[in-house]
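Reviewing the structure listed below.
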Amino acid sequence: MNETLERWSTRRAFILAVTGAAVGLGNIWRFPYITGENGGAVFLLLYMAFVLLLGLPMMMAEILIGRAGRRSPMQSLGYLAGQAGASRHWRWLGLFGAFTVFCILSFYSVVSGWSIEFLVAAVNGDFVGRSATEIGADFDAFLADPGRMTFNHTLFLMMTMLVVAAGVAKGLERLNNLLMPLLYLLLLVLAGYAATTDGFAPALAWLFLPDLAAVTPLVMLQAMGHAFFTLAVGACALMAYGAYMPEHQSLSRAVVAVAVLDVTVALLAGIAIFSVVFAQGLDPGEGPGLMFVTLPVAFADLPGGPLWLSLFFLLLLLATWTSSINLAEPMVAILQGWGLRRKAAAAVVGVVVWALGMLSVLSFSSLAESRVLFGMNPFELVSSIPPEVFLPLGGLLIAIFAAWVMPEETSRRALDAGPNGFRVWRALVRWVSIPLTLIVLLAGLI
Ligand code: PHE
């Protein structure tokens, strides 16, 4: 066992860290906008089903591998494969995960940069007295300005890599401990306010009354991808956190707590955002700008609006910060496993991600019409294929490894859910999660 690896200091710290990874842009920005593009309730229903049937069991699979291996994802996979007498090539799965988060972090940082821009605007009171259309136009002008976009992307990535460079205990824990409850509270206030608007009833109907005729393989693929994305599963990122898990802690309970928190944050954000959409006659399928246009409008109506809005963007920024730290972790852990010092590894990762992120920055101006692959520009590409294809594929392989390859005794001990809990988990992974993921992936890709 690698005794030099740091550990989360308490069980609560582990849960908060995983929640920090899970709750982020996925819940507050991505969930509402892709739900909007995919017809509302059907998408929500599928996404919830996938969280339960795939996300939860696979999240356990992923973390238990890290916990049993107690090394970086690549090393853990290689070590455990060796122990099981299986091929050491399993370790490449860790590299695939790192490639996935590399793509994801590149656009994640750009969009998180938008929160910085909006935080500053909110503090300045720039949204006061402006209509939804005007706010939308300002947002488009911002997107078309590569200079401002680059500045914010750079700033956000620097914030991320600084915390990562500082190491697990010092950097990540403190931030997580402090901020998650506050964000939750603010979303509750916002959803409470949404309940007083005219848009509330139509928003609920749109979110919760599914039209089953709208289920297509592509919608299923997107809903599945989002379940992985929002729970941060499938990229070996949580595997890296599992390696720092304390010796005695129920993994299943921790994971269920995180999933419940994660889904409620998305639901609260969805209710708040779609109430404004319907109250203002906006378009739910507006795309990536949805949250950035609706929330300033919502807060404009609230007493103390600018203050609340500033607080909201501050918390959103912090939530995305804790997610991006997790996104960076697999890459840093791998470079460290190859002998690089943590600070050097963080610097290398920062520079490379920044460069790829620049393609996303330019996708809103000079590269907007470029069709790199599948008719998509770079931003559309990295914000859809890695979450919707790479994460499920990674999750699939992780699940196969944990439920079929690892010696039973090793995975049972790492899951720490008692003999019955283990059996239920393994049956679920073997006979439901793995086949379902395979079917949805194949159906969506063909
Ligand atoms: N779960 C994060 C979010 O919802 C994104 C993420 C994906 C983080 C994959 C880590 C790994 O914003």
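Could you work out what % of the accessible surface of the chain is carbon and sulfur, using a 1.4 angstrom probe and leaving DNA, RNA and ligands out of the count?
On the way: 11260 of 16590 Å².
Percent of accessible area from carbon and sulfur atoms in the chain: 68.
Let me have the relative contact order for segment 37-148, percent, based on Cα pairs under 8 Å that are six or more residues apart. Show your work: numbers first, answer last.
Numbers: 39 pairs, mean separation 11.6, N = 112.
10 percent.
Explain nothing, just the number: dipole magnitude of the chain about its Cα centre with +1 on each Lys and Arg Cβ and -1 on each Asp and Glu Cβ, in debye rounded to the nearest 20. Could you put the intermediate results ahead of the total?
Working: 23 positive and 25 negative charges, 395 e Å.
That gives a dipole near 1900 debye.
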Karplus-derived 3J(HN,Hα) from phi for segment 87-98 (6.51 cos²θ - 1.76 cosθ + 1.60, θ = phi - 60°), whole Hz, x at Gly and Pro, runs 5, 5, 4, 3, 5, 5, 4, x, 6, 4, x, 5
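To the nearest µm²/s, what D does Stokes-Einstein give for segment 11-445 at 25 °C and 0.890 mPa s, using the Kirkwood radius over alpha carbon pairs as Rh?
On the way: Rh = 21.6 Å.
D, rounded to a whole number, is 113 µm²/s.
Given Cα pairs under 8 Å that are at least 6 residues apart, what percent is the relative contact order of the chain? Mind dumping the intermediate values first?
Details: 732 pairs, mean separation 163.4, N = 446.
Normalised by residue count, the contact order of the chain is 37 percent.
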Note, segment 434-446: 3J(HN,Hα) by Karplus (6.51, -1.76, 1.60, θ = phi - 60°), whole Hz, Gly/Pro = x, goes 5, x, 5, 4, 4, 4, 5, 4, 5, 4, x, 8, 7
Here the longest stretch of the chain that holds no chymotrypsin sites (Phe, Trp or Tyr not before Pro) in a DSSP loop having at most 15 other beta carbon atoms within 10 Å is 1-337
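Which residues make up the longest stretch of the chain clear of GluC sites (Glu not before Pro) that lie in a DSSP loop with no more than 15 other Cβ atoms within 10 Å, not counting the sites?
Working: sites that count: GLU3, GLU6, GLU247, GLU369.
Between the exposed loop sites, the longest stretch runs 7-246.
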I'd like the orientation of helix 418-428 relative to the chain: the angle between its Cα long axis and the longest Cα principal axis, in ° from 0 to 90, rounded to 10. 60
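Heavy-atom accessible area per residue, segment 11-445, 1.4 Å probe: how many Å²? It would help to have the intermediate numbers written out before the result.
On the way: 15620 Å² over 435 residues.
Heavy-atom accessible area per residue stands at 36 Å².
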Only Cα pairs within less than 10 Å get springs; with that Gaussian network setup on the chain, which residue of GLY40, GLY305, GLY24 has the largest fluctuation? GLY305
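The values are calculated or read from the model by the stated rules, or taken from the named source; none is laboratory data. This is a predicted model, so every value here is computed, not measured. Counting neighbours? That spans all protein chains shown, and the Cβs are built from the backbone with ideal geometry, glycine included. Surface areas here come from the heavy atoms of the whole protein model, side chains and all, with no ligands, DNA or RNA. Shrake-Rupley method; radii C 1.70, N 1.55, O 1.52, S 1.80 Å.
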